Every structure is written in C-alpha cells, then in structure tokens.
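As structure tokens, the structure follows; a few thoughts come after it.
The values are calculated or read from the model by the stated rules, or taken from the named source; none is laboratory data. Bear in mind that the values here come from a model prediction, so they are computed numbers and not experimental data. Glycine gets a Cβ as well: all are built from the backbone with ideal geometry, and neighbour counts include every protein chain shown. Only protein heavy atoms, including side chains, enter the accessible area calculation; ligands, DNA and RNA are left aside. Shrake-Rupley method; radii C 1.70, N 1.55, O 1.52, S 1.80 Å.
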Number of protein chains: 2
Amino acid sequence: MSEAVSYEDLAAIEDDFAEIDDEILRKQYELSKPLFAKRAEAVSKVPHFWPLVMEQAPMEIETFISPQDSAVFGEHLTNLSVTRPEIESATAGNPKSLSIKFEFSANEHFEDEVLEKQFWHRRTADGWTGLVSEPVKVHWKKGKDLTDGLTDASLALFEARKKVGDMKSKAVQEYKALEKKVEHSNGSNTSFFTWFGWVSNRRYVSAEESDKANQEYAQRKEARKRGEKVSAAELEKEIDEGEDEDDDSAVEVHENGDDIAVTIADDIWPNAIKFFVQAQEAEDLSDADMDDLDDAEEGDEEPIDIRSLVQGKEKRSRDSSGPPPAKKAKK
Amino acid sequence: MSEAVSYEDLAAIEDDFAEIDDEILRKQYELSKPLFAKRAEAVSKVPHFWPLVMEQAPMEIETFISPQDSAVFGEHLTNLSVTRPEIESATAGNPKSLSIKFEFSANEHFEDEVLEKQFWHRRTADGWTGLVSEPVKVHWKKGKDLTDGLTDASLALFEARKKVGDMKSKAVQEYKALEKKVEHSNGSNTSFFTWFGWVSNRRYVSAEESDKANQEYAQRKEARKRGEKVSAAELEKEIDEGEDEDDDSAVEVHENGDDIAVTIADDIWPNAIKFFVQAQEAEDLSDADMDDLDDAEEGDEEPIDIRSLVQGKEKRSRDSSGPPPAKKAKK
C-alpha cells in the first residue's frame, strides 16, 4: 500500500466504463436493427400483438395505465417502435437518447394516428445528467381528453418559455396555470397519456446548455487521464448538483417519465415476443388451465408454444364488446 | 393480413436475438477486460474496498448474509473477481458461463484463501437452459462450519454420483443423507457460504449432455431458418420441459444460487465503485449528516466525492473491534 488511490483515479475508471457502455449500446443497436425490422414485419400480421404486449407491461408502467387507457391500448394500439436518434454510427453519438413511437387506429379520444415522444440525454454544468423531453401535442377530441388538460397546459408552458427565451421562467402566466392544475390533479390524474406531457425530473435542459457542459466535462476527463489534478473549484462545480431554484417539479405533469421511457426501450421493446407469449399463457391460465403452472416457473428460457396462438386467429382484447372467443383447443 | 405468421417465424426471430445478445456480451467482456484489470489494481490499494461493496449488496444477496457471514466478509474479504471462462474470442464461446472468485485473509472459519465457484450455462434435450455448478470444497476449521455440514454433504453426493456414473442417482446413500440434512436445516440455515454447495435449480447437467442438446437445438434452428416446418414430435420434445423425476430440489442446499451468481456478475462486479461510494455515503449519513439526502436522489449519475474517502484512510468495517474512526472533516 505504497501510493494512495485518489478521487481522480477512481473517477477516471468510471469515465472509461461509461464510454464502453455507450460503445456497447451503439454496437447492439446497429447489430439488432435489421432484426427489429424483421420482427416488425412479422408481428404486424399477428392480431393484437402490441395490445397483448402492453397488458404484460412491468409494474412501473402498469401502475399508470387507467382502465380507460387500457381500453384505448387494447382496441387501438397498432404499432410501437423505439429508435435511438442520436446514434450516428457504431462509434459516435449519444446512445441514451430515445424516441418512442405509438401508432393508433381511429378512436374516440384523439385525432392522432401517431404519438411520438423523444427523450434527450443531456448534461448540466453542475454534473447532473439525465433524460429531458418536450411535451407532445395530443389532439384530443372534444370532451375526450384523458389527461384533463394536463398535456395541453404542459405544452402551453413550454411554448410560452420558448417565446420569452427562458426555459426556466416562472414569471410567464402559463407557469402559475400549470402549477395550479398539477396541484389540483395531484393523486387523481392517473392517465398514462399524461406522460406525453412530461419534461424532466428536474427541469428542461436545452441542447446548447448540454453541449457546453459536455465540452467542459470532456476537458476535465482528459485532464484526469493525463493525471492532472482537477482544481478544487472545478470539482466543487461538479459536486454541488441540483440547485433548488432550478427545480421544476411543481409544474411536472407526470412522475418518473424517464423511467417509463427506459422501461419501454430496455424491457418492453427488446422482449416484446416474450411478453406476447406471457399474455397468451395468462389467457390460457384464466381459462382454468392451471396444471402447467409449476413447470412454467423452471429454467430461464421457456419453450414457446405460439403455434396455437398466432396464425391469424383473432384474440380477444381486454374489454372487447364482441362475442367471447372459442376456448383454445389443446392437442 | 394475407399470410399467417407461424410459430417457427417468431421462434427464429427470438433465436437470432439470443445470438446477438451473446455476441454483445462477448464484445463487452473483451472491451472491458483491461479496464477491470486497471480497477483491480486501483482498488487493491483502497482499504476495505470489497467488504464495503458487499455491505451494499442488493436484497437478493443481502437476505442470505448472516451476521457471522458479515463478520467474515467485513474482516477477511480481500478480493472479488468475475470471469467468463467459456468465452474463447469475440465471436465464439458461451458468454453466460461464469466464474466467481472470493479471496480471504486468514480467519477462524476456514483454511481456504480462495473460494472459486464456476457456473456453466447448459441445455437439456427438453429445452431447459440455465446455470449449473459443482459444489465447492470449503476446508472448514473444526467446529467452525458456518453451513452446519451442508457444503460437505453436497460435495459428498456429487462425488458419489460421479463414482456410480449417474448424476441423477437417488440410490446412493449420500442422497438420503443430504435430503435429511436439507429437510432438517430448512428455514434455519441462512449462511451465504452454503451457496458454494449449490448445484442447480433443477438437476446437474453434464457438459456432454449439454453439447448433445445444443447440437440438436442448432439443427432445429437451421431448419427454421431454411423455412422448414419442424416436426410436431420435435416441437413436443422442446415443449414438454421439466420432467418431475429429474427434479433434485430435495437435495439442493441453497435457493436460487444462479440468481446470486448473476447478481454478482451483472450488478456487484460492474458497479463496484458505485457501491463503494454508496457505502461511504451511508456511513456519512449514519454520522448524523443528513442534509444532502434530497440532493443525492436527483439525476441518474451522482457526482462522486471519493477524495475524502480514499487516499489511504482506514475505514471501519461493520463490526471492527478497533476504535471508531475520526469523523470525516467537511470542507
């Protein structure tokens, strides 16, 4: 134990791990792209594929899906897709930024056939990193807004702040209006669609602010690699994160919008076929066919019996108004 | 919806995703290897690095660590390392097999300086895949066996089965002996060290059996890719998993040994520096310094203040008998 290990040594190692993680994410994205395209082609022919996948959504998401949301997903969700728009090549671009696209058939609640939400992975000068997003305009039909005006009010504040050129402004009248709306709806609004209005767990961070912070961060990282001590002032800057006056939580319309985005991108999206099979099995079980339950829990890779489940057979959706489907025949 | 999607189509897509996952795991392993070596070198100079990391072990593991285990880890764990011994190159070898090595200083419980447990990712003809492991011999000192004979009995059964040439044998006398021991200890043995005796969540699968099953699986996969229909008999073989007579749970000394291995390999191992920092922060907090708690929960990347935490300062371990450390100075 001759020489001590410094903060800079361990932080430099963590920097290098983060770089490898990004490289691996990019590599995986490039490798999987053709296969996701092939899957999209295949599942487009499977009735109710995405509604059945969404039925199996992990708890983090399921908890926000109201019965009304569930009816919309069950009857009208025709496609879901996830891309990583900032990946430029296998070696360049931030792979943590996400774009999540929902496609819908005509329905009673909104006019949109596509609702696409983009999440940008950004950095601030004080060391915070995370996802931020612009509110998405949902064209609600009259009297049919599932979010009770929250997506509209979130977008209105965002636009008002852009107009005054200050994305932190609390002086615009839209701020007070949204604050009141959020306070009022607290605990009572549970529509998943409010998520389309989500901005940040802290506050919005523009691309320009993030680029500047990334440049400074890269310089410190290089300095660390050269073995230079980072000045105390620089470190303080990195450490004193999360100034309170920056906090925008009083006007945030949805909790943990970033976690929802990551769960969709890293769990639902890659594992969609597995969730689909699970949904089918859940329906089999609810048909009072419980005898395979013990077997189904062994091993980490389940044999898939989709033969009886796809091939064009219509599946019932959660609250279909049609006649109940015939019980699936067991060979 | 002109042509139907078959079981074979979706299963073939899942096969291809699994191949990409393996390729990515291998790639990540090769890319990270030099950095893990660098980290090992750095953290070897940080007093109590691995004991502090283990203190932050996720619930799945923590639940199995008894106060006595905790004392052994706290005082005597000098190193931890994870390798993937079946990776041959960036393009070949099963990346899911694991080797987990604990290193210890001289202690009152066992003679071993190294306890290394290997997990092999294997397949059976009926479609089961998962990790299996041989029991590890722990050279317990007299009267100091933390597992009350369970690791020894697990090893004895394994050796006896090897001798009779039947790894499923329930006729050897060591089977009954271990069954009784497991039944007796059920609920009362909670030493983490019992994990070194773990074999499988189902039963042991030899390399030969697994190779044969993998070859058959590869043939079916190729047939699927060529668009051939897999015969019903072949599919049944794949689907009727988990024959009951194969189940060895009555002589399994530890639950979910595979999950523990994966948690160590995929969480503790890559995130060790983060866990170390968390452990330091937890000690800061227990020093009644709670004012940063709110800030610490924002953002997904915490600024790390390890400066005051490393650089050769001795840290207390969980139940150190020495004097308490001086309270860390805050600038």
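Give the nm distances, rounded to one decimal, from B:K142 to the matching residue in every other copy, measuring between label points 7 Å along Cα toward the beta carbon; shortest first.
Here the equivalent label points are 9.3 nm apart from this one.
Order the peptides A:208-215, B:257-264 from the highest to the lowest mean number of other Cβ atoms within 10 Å of their residues.
B:257-264, A:208-215
Using heavy-atom solvent-accessible surface (probe 1.4 Å) with all chains present, what is the largest-first order of B:E228, A:E8?
The residues order as B:E228, A:E8, largest area first.
Given a 1.4 Å probe and no ligands, DNA or RNA in the count, how much accessible surface is buried by B and A, both sides, to the nearest 100 Å²?
5800 Å²
Which FRET efficiency, nearest 0.05, do B:N186 and B:A125 yield, Cβ-Cβ r, R0 30 Å?
So the FRET efficiency works out to roughly 0.45.
List the distances, in nm to one decimal, from the label point of B:D267 to the label points of the same position in every other copy, shortest first, placing each label point 7 Å from Cα along the Cα-to-Cβ direction.
1.3
Equivalent ellipsoid semi-axes for the stretch B:126-199, as square roots of 5 times the alpha carbon gyration tensor eigenvalues: give them largest first, rounded to whole Å.
21, 15, 13
Where does each of A:W195, A:W140 land when they are ordered by accessible area, with a 1.4 Å probe and the largest first?
In descending accessible area the options line up as A:W140, A:W195.
In nm, what is the difference between 0.36 nm times the number of residues separating A:D211 and A:E116 and their Cα-Cα distance?
Gain in length upon complete extension: 31.8 nm.
In square angstrom, what is the accessible area per residue of the stretch A:54-126 with a 1.4 angstrom probe?
Per-residue accessible area for the stretch A:54-126 comes out at 42 Å².
Pop the C-beta distance of A:E228 and A:A250 into the FRET formula with R0 = 56 Å and round what comes out to the nearest 0.05.
0.85
Are any of the pairs B:K33/B:K274; A:K27/B:K96; B:K101/B:K144; B:K101/B:K176; B:K144/B:K181 more than 23 Å apart by Cα-Cα distance, and if so, which?
Working: B:K33/B:K274 18 Å; A:K27/B:K96 19 Å; B:K101/B:K144 21 Å; B:K101/B:K176 31 Å; B:K144/B:K181 17 Å.
Cα-Cα > 23 Å for B:K101/B:K176; rest within.
Where the label is 7 Å out from Cα toward Cβ, how close does B:T78 come to the same position in every other copy, in nm, shortest first?
So the distances to the same position in the other copies read 6.7 nm.
If you count, for every residue in B:122-130, the Cβ atoms of partner chains within 10 Å of its Cβ, what is the mean? It would help to have the intermediate numbers written out before the result.
On the way: counts 0, 2, 1, 0, 2, 5, 7, 4, 4.
Whole-number average of other-chain Cβ neighbours for B:122-130 is 3.
Round to a whole number: what % of the accessible area of the stretch A:1-116 belongs to carbon and sulfur, probe 1.4 Å?
Of the solvent-accessible surface of the stretch A:1-116, carbon and sulfur hold 49 percent.
When Rg is the radius of gyration of the Cα atoms in the stretch B:1-123 and Rh is its Kirkwood radius, what does Rg/Rh come to?
The Rg/Rh ratio comes out at 1.14.
Can you give the average number of partner chain beta-carbon atoms within 10 Å of each beta-carbon in peptide A:10-22, as a whole number? The partial results should precede the final answer.
Details: counts 13, 7, 2, 8, 9, 0, 5, 8, 1, 2, 6, 4, 0.
Across the residues of A:10-22, the mean count of other-chain Cβ atoms within 10 Å is 5.
Please give the per residue accessible area of the stretch A:130-194, computed with a probe of 1.4 Å over protein heavy atoms only, in Å².
Heavy-atom SASA per residue in the stretch A:130-194 reads 54 Å².
Ignore the peptide's own chain and count Cβ atoms of other chains within 10 Å of each Cβ in B:32-41; give me the average, rounded.
3
In the stretch A:247-283, what residues drop by 50 Å² or more in accessible surface going from the chain by itself to the full protein assembly, probe 1.4 Å?
A:I273
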